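Participant: My structure is below; once you've seen it, I'll send some questions.
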Amino acid sequence: MRTAPSGAEPGTAYDVVALGETMVQLVPNGARLAHADSVHVGIGGAESNTACYLAAAGRSVAWVSAVGDDPFGQRMLEEIGGYGVDTSHVLIDPDAPTGVYFKDPEPTGTSVYYYRSGSAASRLTTKAVDLPDLHGVRVLHLTGISLALSDGCAQLVRDASIAASAVGAVTSFDVNYRARLWSVADAAPVLLAQAAASDLVFVGLDEANTLWGCQTASEVRELLPGPELVVKDGAIGATSFGEHGAAFVPAHEVEVVEPVGAGDAFGAGYLHGLLSGASATERLASGHAFAEAALRSIHDVASVDEVRFIASLR
């Protein structure tokens, strides 16, 4: 393997380091997949989505992953780098492809089909990763998706989290349960253990209900009493629990163009507020503002200009 061209000086102390797989995204133009004659090519990945929002908002961000030595991998590096994310810690694997997924718009919602088995990122391990020096890094951002990709990726998440905690970085964990990757029975205890070991946890109330049977945000807090906790409840709002106690900020009404990526955007907005020293309610409001930008976009990440504008208001 080799690393992508450098985007930052060696030893950079980043605001945020995000680790996880990103895939090429193919969306049919004007039709369902079964009848489409052409597709729009983009990219999408929970961790890099969050990284792109934060970099566009002015934060120093690195994305750690692996891509195939193919045109899709090259496009991914260019697009994510275009948001200001340092991609110099991304490995280029000559022996595995870049993962791909398809969106299929339907009247009742968007279906997603993944083709990621054996992808370059799924082959990452603690030994085979270019993790930057975490001294001085303020936040390490991880998601539950990586825990499901392979045993090597799961161990990498755990090891990276321990390494970040050892040097005083905040370990941020978005549960991000994906039913297509693993069953509830397999996922529930693993995701709960990683959440409990993290400093900051994001989880949807629907996820918490599916995984752990929680009916309310308070029940999630009872299950996870240690970390700063953010429970997202879709169009209703979000609740945070921490040293400040509990705080709730309702979501604004917004015309939804495409919901995919809104959770990643919310996490970025919340982290942006955290890094700015904002209050609990201000962090939640920032999360909503970033999520609204994602909901108004057909892409997983809104434009750089829109993110910069939103960040300037926070």
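Participant: Could you tell me whether any residue of segment 174-181 is in contact with a His (Cβ under 8 Å, 6 or more places away or on another chain), surrounded by 22 or more Cβ atoms within 10 Å (Cβ to Cβ) and not polar (S, T, N, Q)?
Facilitator: Within segment 174-181, the subset in contact with a His (Cβ under 8 Å, 6 or more places away or on another chain) is 174.
Applying the additional criterion that residues be surrounded by 22 or more Cβ atoms within 10 Å (Cβ to Cβ) yields 174.
If we keep only those that are not polar (S, T, N, Q) as well, we get 174.
Yes, segment 174-181 contains a residue that is in contact with a His (Cβ under 8 Å, 6 or more places away or on another chain), surrounded by 22 or more Cβ atoms within 10 Å (Cβ to Cβ) and not polar (S, T, N, Q).
Participant: Based on what the data block shows, is Gly273 farther than 16 Å from Val201 by Cα, at pLDDT 70 or above and out of contact with any strand residue (DSSP E or B) (no Cβ under 9 Å at 6 or more places or on another chain)?
Facilitator: Working: farther than 16 Å from Val201 by Cα: no; at pLDDT 70 or above: yes; out of contact with any strand residue (DSSP E or B) (no Cβ under 9 Å at 6 or more places or on another chain): yes.
No: the conditions fail for Gly273.
Participant: Give me a count of the residues in segment 90-121 that are over 16 Å from Ile145 (Cβ atoms) and within 17 Å of the chain's Cα centre (by Cα).
Facilitator: Counting residues in segment 90-121 that are over 16 Å from Ile145 (Cβ atoms) and within 17 Å of the chain's Cα centre (by Cα) gives 1.
Participant: Filter segment 92-110 down to residues that are surrounded by fewer than 18 Cβ atoms within 10 Å (Cβ to Cβ) and among the acidic types (Asp, Glu) and give me whichever is modelled with the highest pLDDT.
Facilitator: That would be Asp95.
Participant: So in segment 187-205, with the set limited to residues that are in contact with a strand residue (DSSP E or B) (Cβ under 8 Å, 6 or more places away or on another chain) and outside any loop (DSSP other than H, G, I, E, B), which one is farthest from Ala265 (Cα to Cα)? Break it down stepwise before answering.
Facilitator: If we filter segment 187-205 for residues that are in contact with a strand residue (DSSP E or B) (Cβ under 8 Å, 6 or more places away or on another chain), which is where we start, we get 194-195, 197-205.
After this cut, where a residue has to be outside any loop (DSSP other than H, G, I, E, B) as well, the list is 194-195, 200-205.
Values: Gln194: 21, Ala195: 19, Leu200: 16, Val201: 15, Phe202: 12, Val203: 13, Gly204: 13, Leu205: 17 Å.
Looking at residues that are in contact with a strand residue (DSSP E or B) (Cβ under 8 Å, 6 or more places away or on another chain) and outside any loop (DSSP other than H, G, I, E, B), I get Gln194.
Participant: Could you check segment 206-226 and list, in sequence order, the residues that are surrounded by 14 or more Cβ atoms within 10 Å (Cβ to Cβ), more than 17 Å from the chain's Cα centre (by Cα) and assigned to a helix (DSSP H, G or I)?
Facilitator: Initial filter on segment 206-226 (surrounded by 14 or more Cβ atoms within 10 Å (Cβ to Cβ)): 207-212, 214, 216-217, 219-221, 223-224.
Now drop any that are not more than 17 Å from the chain's Cα centre (by Cα), which leaves 208-212, 214, 216-217, 219-221, 223-224.
Selection gives Ala208, Asn209, Thr210, Leu211, Trp212, Ala217, Glu219, Val220, Arg221, Leu223.
Participant: Additional query: Output yes when any residue across segment 256-274 is part of a strand (DSSP E or B), surrounded by 20 or more Cβ atoms within 10 Å (Cβ to Cβ) and of a type in the set (Ser, Thr, Tyr), and no when none is. Talk me through it step by step, then tell me what you get.
Facilitator: Residues of segment 256-274 that are part of a strand (DSSP E or B), as a first pass: none.
No, because not a single residue in segment 256-274 is part of a strand (DSSP E or B), surrounded by 20 or more Cβ atoms within 10 Å (Cβ to Cβ) and of a type in the set (Ser, Thr, Tyr).
Participant: Listed residues Val184, Val190, Val167, Val137; which is more than 28 Å from Leu77 (Cα to Cα), β-branched (Val, Ile, Thr) and touching a residue at least 40 places away in the same chain (Cβ under 8 Å)? So that I can check it myself, show each step before the final result.
Facilitator: Details: Val184 fails: touching a residue at least 40 places away in the same chain (Cβ under 8 Å); Val167 fails: touching a residue at least 40 places away in the same chain (Cβ under 8 Å); Val137 fails: more than 28 Å from Leu77 (Cα to Cα).
Just one listed residue meets the conditions, Val190.
Participant: Moving on to the next point. Any idea which residue in segment 2-31 is surrounded by the most Cβ atoms within 10 Å (Cβ to Cβ), counting only those that are modelled with pLDDT of 75 or more, of a type in the set (A, V, I, L, M, F, W, C) and closer than 28 Å to Ala148 by Cβ?
Facilitator: Only one residue tops the list, namely Ala18.
Participant: Filter segment 39-64 down to residues that are surrounded by fewer than 24 Cβ atoms within 10 Å (Cβ to Cβ) and not β-branched (Val, Ile, Thr) and give me whichever is nearest to Ser122 (Cα to Cα).
Facilitator: Per the criteria, the residue is Gly44.
This table checks each residue for (1) surrounded by 22 or more Cβ atoms within 10 Å (Cβ to Cβ); (2) out of contact with any Ser or Thr (no Cβ under 6 Å at 6 or more places or on another chain); (3) modelled with pLDDT under 95; (4) within 25 Å of Val190 (Cα to Cα).
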position	(1), (2), (3), (4)
Val90	yes, no, no, no
Val112	no, yes, yes, yes
Arg123	no, yes, no, yes
Asp151	no, yes, no, yes
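Participant: Starting from segment 30-51, keep only residues that are basic (Lys, Arg), then list their pairs with residues that are surrounded by 12 or more Cβ atoms within 10 Å (Cβ to Cβ) whose Cβ atoms are within a distance under 9 Å, requiring at least 6 positions of separation or different chains.
Facilitator: Arg32/Asp104; Arg32/Pro105
The values are calculated or read from the model by the stated rules, or taken from the named source; none is laboratory data. Everything numeric here is computed off the predicted structure, so don't read it as measured data. In this analysis, Cβ positions are derived from the backbone assuming ideal geometry, glycine residues included, and neighbour counts consider all displayed protein chains.
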